[in-house]
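Worksheet: one structure, shown below.
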Amino acid sequence: MRLSEMQTDLDVRLLACKQNIEQDLEEQEARPAFDVHDYDKRVLDTLSRSFDNKSAMSFADVVRGQEKHDLARSFSAILQLMNNGNVDLQTSDTTEEEATCYTAEKPFLSNF
């Protein structure tokens with residue numbers, strides 16, 4: 001491959017990358033600004049409506065149906081609520097030495 005062909009290929013890839021980044025940034029700019037207090041309220045509303053006879057709810061249930069960016073924002077809100085003492089985190093019965101990966105099949109639970 002000649003140098004000019006390599007530059008052209010690189011130019012095409014860089015342009016595609018730039019366009020993808022610009023599109024992502026436009027999508028992010030179109031979303032409302034993140035207000036942790038708004039998401040705190042949403043999480044608490046979801047927990048209070050859904051608890052019925054449960055003492056805990058999985059994170060997957062709390063964020064079910066949310067877009068990816070809202071899921072991340074809700075996770076941040078739950079961390080803030082835990083820090084404030086509004087919710088607790090319930091983990092599985094593993095020892096401290098065991099590393100645990102929480103998934104939809106093995107969720108961590110949030111206590112209200």
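Rule-based calculations on the coordinates, nothing more; no lab input. Remember, predicted model here, so these are calculated numbers, not experimental data. Counting neighbours? That spans all protein chains shown, and the Cβs are built from the backbone with ideal geometry, glycine included.
Ordered by the number of other Cβ atoms lying within 10 Å of each residue's own Cβ, fewest first, 35, 61 fall into the sequence 35, 61.
Amide H contacts of residue 87: 82, each under 5 Å away and 5 or more positions distant or on a separate chain (H built 1.01 Å from N in the peptide plane; Pro and chain starts excluded).
Charged neighbours of residue 42, selected by a Cβ distance under 14 Å, balance to -3 (K, R count +1; D, E count -1).
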